[in-house]
Amino acid sequence: MAASPAFVYSCAMPDTADTAQIAAPPGQTATARFTRRREAVLAAAIAALNEDGYKGMTLADVAQRVGLTTTSVTYYFRKKDILAVECFRHGLQRFEAIVDAAAVEPDLAGRLDRLLGLYLDLQARARRGEEPPMTIFSDIRALAEPSRGELRRLYQRVFLKVRGLFETPDRQVMPPLGLSTRAHILIEQLFWSAAWLPRYDVEDFPRVRARLFDILAHGLAVPGRPFSPRPIEVVPRVGDPARETFLRAATPLINERSYRGVSVTDLAAKLNVTKGSFYHHMDAKDDVVVACFDRTFETIRAAQQAALDLQGDQWQALSSAVSALIARQGTEDGLLLRTSALQALPEPLRVRTVWHADRATQRFASMIADGIAEGSMRPVDPFLASQTVSASINAAADLIAWVDDLRPETLVGLYAQPALRGLLA
């Protein structure tokens with residue numbers, strides 16, 4: 001199994017020369033005041049990074065957030081890329097700590113519940129201003145080497161620890177690929193919560209924990225209901241065929257490197273066209289990611305409608321739509337754009353795109369609510385369940401990058417089944 005470029009939701013220690021720049025000014029011992037100010041700069045940088053992505057974050061913005069000059073910020077972090085790497089490393093350390101704490105539980109159910117609880121506790125402390133916000137890691141792929149490679153290696157260490165949560169004495173030994181898939185599903189569900197957790201008050205987090213655990217652990221189908229999705233034909237509406245070819249080529253490139261990490265030159269080279277030809281199809285680079293998202297949402301809509309047209313209940317419709325979309329992720333032409341690209345969009349375009357994403361997720365929520373009413377699905381929280389469905393479809397785009405020779409039909413059993421039937425199944 002190859003390491004995925006998209007599997008980089010982490011941070012790394014800077015190299016030795018850079019470490020000296022962020023630990024304390026040369027020739028001085030770190031004081032309590034220095035440490036407090038450095039932590040304030042780091043917290044402000046995490047907030048800026050979460051809002052604007054790596055390319056949009058500036059030292060001037062970070063300085064303004066803490067009432068310093070840009071020169072003062074460079075006293076603590078010499079360059080923006082050093083500060084960004086430290087933000088990601090800080091996030092990874094926090095995540096690794098809660099994974100280690102969850103691992104002490106003796107069984108998988110206890111570990112999952114503990115991990116969810118600790119993660120939500122962290123988010124609650126950040127919401128109350130007691131700690132910095134949790135870093136959003138999606139824009140790490142915009143970093144240049146060697147930082148990106150260092151981050152990937154450190155992420156792999158944490159990923160293996162999450163995978164180890166599924167190796168408990170009470171469970172049958174599972175092949176490594178099955179363990180890795182479940183670890184990936186679990187991590188993605190936690191990171192996806194940044195999209196919906198702001199809708200809840202901190203006082204509601206215990207209830208969120210209980211409901212989310214129930215969905216992730218036990219899935220959506222009523223007990224005894226088999227996982228038998230039916231094949232459907234997903235036929236999204238396509239406009240200009242040349243433009244469609246363009247978007248099919250752009251989507252995997254953006255997924256791999258992030259939107260900010262891809263230049264117009266890269267996109268033109270991928271298509272084997274000139275920059276002039278690029279601008280014939282798109283007015284600006286922002287138009288590329290918006291068009292790729294529109295293509296993604298139209299594909300999801302087509303799959304949902306085709307599944308709803310089946311003669312069956314809502315469990316079969318949901319499992320058929322999700323399976324078809326995840327199977328498409330096993331082919332480069334069928335890849336959907338990962339929502340990590342949202343972070344790099346200008347605010348007006350981001351709002352528009354999030355609205356379309358919410359509408360697609362809401363349709364899944366309606367299918368789940370109807371399934372609960374008819375008795376084909378368990379009585380779960382439809383909103384949270386629909387978010388886990390969308391997260392699974394989004395995350396499956398990674399698999400084409402880190403699993404060699406993956407066939408679409410294999411992907412359904414490997415990924416769609418545990419995503420819908422539950423991680424304890």
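Brief remarks on what is shown
- GNM on the chain, alpha-carbon springs under 10 angstrom: the most fluctuating residue among 160, 151, 112 is 160.
- Relative contact order computed over the chain (Cα-Cα under 8 Å; 6+ residues apart), in percent: 22
- If R0 equals 35 Å, the separation of the Cβ atoms of residue 310 and residue 157 corresponds to a calculated FRET efficiency of about 0.20.
- Farthest toward positive dipole pole in the chain [+1 Lys/Arg, -1 Asp/Glu at C-beta], among 75, 216, 394: 75
- Sparse-neighbour loop sites [trypsin sites (Lys or Arg not before Pro); the range 151-260; at most 10 other C-beta within 10 Å; DSSP]: 237
- Calculated SAXS-style log₁₀ I(q)/I(0) at q = 0.13 Å⁻¹ - the chain, Debye, Cα scatterers: -1.20
- Normalised contact order of the range 241-421, rounded percent, pairs of Cα under 8 Å and 6 or more residues apart: 26
- Given 10 as the ceiling on other Cβ atoms within 10 Å, longest exposed-site-free region of the chain for GluC sites (Glu not before Pro) in DSSP loops: 234-425
- Taking every lysine pair in the chain that is 8 or more places apart or spans two chains, those with Cα atoms closer than 26 Å amount to 8.
Where a number appears in this text, it was derived from the coordinates with a stated rule and is not lab data. Keep in mind that this is a model prediction, so the values were computed, not measured. Methodologically, a virtual Cβ is constructed for each residue, glycine included, from the backbone with ideal geometry; neighbour enumeration extends over all protein chains shown.
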